[in-house]
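Have a look at the structure below, then the notes.
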Amino acid sequence: MHVDQVELSVVVPVYRCEECLEVLHERLVASLSTLTDAFEIVFVDDRSPDGSGAVLSNIAARDPTVRVIRLSRNFGQQAAITAGLSRSRGRWSVVMDCDLQDPPELIPRLYAKAQEGYDIVLARRAQRTHSPLRMLAAKLYFKAIKIFLGVDISGQYGAFSIVSAKARAAFLSVPDSDRHYVPILFWIGFERADVEFEQAERYAGESSYSLGSLVSLAAQGIFFQTTTLLRWVIYAGFAIAAAGMLLAVLLVASRFFYHPYPGWTSVIVLLLVIGGFVILSTGVTGLHIGRIFKQAKGRPLFIVDTEESVASHAEQPASTRSQ
């Protein structure tokens, strides 16, 4: 298959999905074969600590439509998606998770919708299979995204989507080191649509996202994609300064015209409030400066260790090939 003839690329970031990969590959091939013979599947091994790498090597050794991009270390899902898209060669690129909660059988519907003139088609979950607490947290997260970024994104969207080569190039042109796939897709514009689907149960294993990693990801997505929080700190500072001036006028007036307020409780409370605000605002500013420093260093979003395909396995000596 010539590079210029690739119609569909499917990008799958892989982390702790050893038991899902063979089934995922079979279902992907079955679904994509109904659309075109010119497809490729790009698995991005985000340095998974389980046996996913070996399974992917075996798949790539026998299927010429599969390429495995192995990163040098774990860079995270967002970087893995970016790595896969950067290696995609198709006119259209599908992004999906590896745990089979995103059914490969939906790809024909996404592709058909895209042919109606849309550059971005997102899969929208009709229902979510997470715990009530996590669903509430997701709802609050996307509400905060709307407030801080001014982008109305439903919590029913995940990474499952199809994008045109034009939209893919626009996504890759965004240099943000703190990347969030869906918000960037909304930000770049283009004609966009969605397709509703029923999310399946996770095929095997558990989510690799801990509570701490989810909170960190949410903080990056909310606070470090905009200067809104810094503006709010400035507004709060002005409000506290104005309140302080009014209180000062009140205390001076009470000293000359009324009985002065006894005790120092109010003074201590004011000092604690103002001191706490100063520390908070300094911390917020410091976090943003830290992100600026991280962005200014210009380090790559990911580093590719190896790339495997049927061709690469054929070039290896027989004694080193996967069994």
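The values are calculated or read from the model by the stated rules, or taken from the named source; none is laboratory data. What you see is a predicted model, and the numbers here were worked out from it, not measured in a lab. Glycine also receives a Cβ, built like all others from the backbone with ideal geometry; neighbour counts cover every protein chain displayed.
The requirement of being surrounded by 21 or more Cβ atoms within 10 Å (Cβ to Cβ), assigned to a helix (DSSP H, G or I), assigned by TED's automatic domain parsing to the domain that holds Glu116 and at pLDDT 90 or above is not satisfied by Ala60.
Note on the stretch 10-33: among residues that are assigned to a strand (DSSP E or B) and out of contact with any Cys (no Cβ under 6 Å at 6 or more places or on another chain), the one that is nearest to Arg47 (Cα to Cα) is Pro13. Residues in the stretch 8-56 that are within 15 Å of Ala80 (Cα to Cα), among the hydroxyl-bearing types (Ser, Thr, Tyr) and free of Cβ contacts under 8 Å to residues at least 60 places away in the same chain: Ser48, Ser52. Residue count for the stretch 86-105 under the criterion of being of a type outside the set (Asp, Glu) and surrounded by 21 or more Cβ atoms within 10 Å (Cβ to Cβ): the result is 9. Which residues, counting only those in the stretch 6-52, are surrounded by fewer than 19 Cβ atoms within 10 Å (Cβ to Cβ) and either within 17 Å of Glu307 (Cβ to Cβ) or not assigned by TED's automatic domain parsing to the domain that holds Ile69 (or both)? Hit for the stretch 6-52 is Arg47, nothing else. Could you go through the stretch 161-182 and let me know if any residue there is within 21 Å of Gly76 (Cβ to Cβ) and at pLDDT below 75. Checking the stretch 161-182: not a single residue is within 21 Å of Gly76 (Cβ to Cβ) and at pLDDT below 75.
Applying the condition of being within 22 Å of the chain's Cα centre (by Cα) and crowded, with 19+ Cβ neighbours inside 10 Å to the stretch 63-73 and asking which residue is nearest to Ser309 (Cα to Cα) yields Val68.
Total residues in the stretch 75-115 satisfying the condition of being within 15 Å of Ala38 (Cβ to Cβ) and of a type in the set (A, V, I, L, M): the figure is 2. All conditions but one from (1) over 24 Å from Gln199 (Cβ atoms); (2) modelled with pLDDT under 90 apply to Ser48; the one that does not is (1). What tally of residues in the stretch 73-116 results from selecting those that are touching a residue at least 24 places away in the same chain (Cβ under 8 Å) and either part of a helix (DSSP H, G or I) or farther than 19 Å from His25 by Cα (or both)? Residues in the stretch 73-116 being touching a residue at least 24 places away in the same chain (Cβ under 8 Å) and either part of a helix (DSSP H, G or I) or farther than 19 Å from His25 by Cα (or both): 26 in total.
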